[in-house]
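The structure appears below as structure tokens.
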Amino acid sequence: MEIFNIFKILHIAAGFLALIVFWIPIVTKKGGKVHNLVGWIYVYAMGIVAVSSFYMGAFRIFFDEQADLERVSFSWFLIFISILSGASAWYGIRVLRFKKRKEPHRQVLDLFVSLLLLCSGIGIGIYGVSIDSPLITYFPLLGLFLGGTQLNYWLRKPNRKMHWYFEHFGGMIACCISTVTAFTVFGAPRLLNISSSNLLLWLLPTFVLVPVIIGFSVYYQRKFNGKKGSSIQA
């Protein structure tokens, strides 16, 4: 349990750091020093969150003999959240690495990460149905949607200007959804005296942040399309 407690402390500390800094890259100049520096701090913090979540979830499922059904089901969900946050952050960084590509992307690791997110969404959702849990049934649909969207982007030739710009923002906001969701679920029940398994509580950050992604995409799509002869091409 000592190792488990270490991972728990790392998880809480990194999650709190990510929650503090995640908004800074959103409001600062894109590509600027502050944006890049704080962005990497956020990515590393979320990496720690993802790894620690996966470890704690796996430990509860396979090594904790006292874990009951509620703990086991939450642990599977914790593993899904770790995959969601890790895959989204990975995608947000990797699209920048290959922003100049003009053909479909065939890097095995990138395709695997996106496929893992998609499959985990399906698998955890089916598990949610089997234990009659609305939360674990419907929330993983987000992984199904994001994983499918990522694979669609990787496997197709880019067809719009600044494609990597939109995908980077979408990936990092998806990662932010994990950050805010975790805070909402663990903080709101204490403040509002409601159940942490309340489906609406888990979906609230998604309902708030997904329109931000859509609004961002629409705004910058119009902005970039309005600039003829842009020096950055797809």
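Semi-axes of the equivalent ellipsoid of segment 65-178: what are they in whole Å, largest first, if each equals the square root of 5 times a C-alpha gyration tensor eigenvalue? List each step's numbers first, then the result.
Numbers: eigenvalues 186, 30, 26 Å².
Sorted largest first and rounded, they come to 31, 12, 11 Å.
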Quick one: which residues, 5+ away or cross-chain, put their amide H under 5 Å from the amide H of residue 105? H built at 1.01 Å from N.
155, 156
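Arrange the peptides 106-118, 74-86 so that the one whose residues have, on average, the most other Cβ atoms within 10 Å appears first.
Details: 106-118: 16.5, 74-86: 23.5.
My ranking of the peptides, most packed first, is 74-86, 106-118.
Determine, for each peptide in 52-60, 153-161, the mean count of other beta carbons within 10 angstrom over its residues, then list the peptides with the highest first. Spell out each step's value before the answer.
Numbers: 52-60: 20.3, 153-161: 14.8.
Packing order, densest peptide first, comes out as 52-60, 153-161.
None of the figures in this text is laboratory data; all of them are computed from the coordinates on show. Note that the structure is a prediction, hence the values are computed from the model and not measured. Note that we place each Cβ from the backbone using ideal geometry, even for glycine, and neighbour counts take in every protein chain shown.
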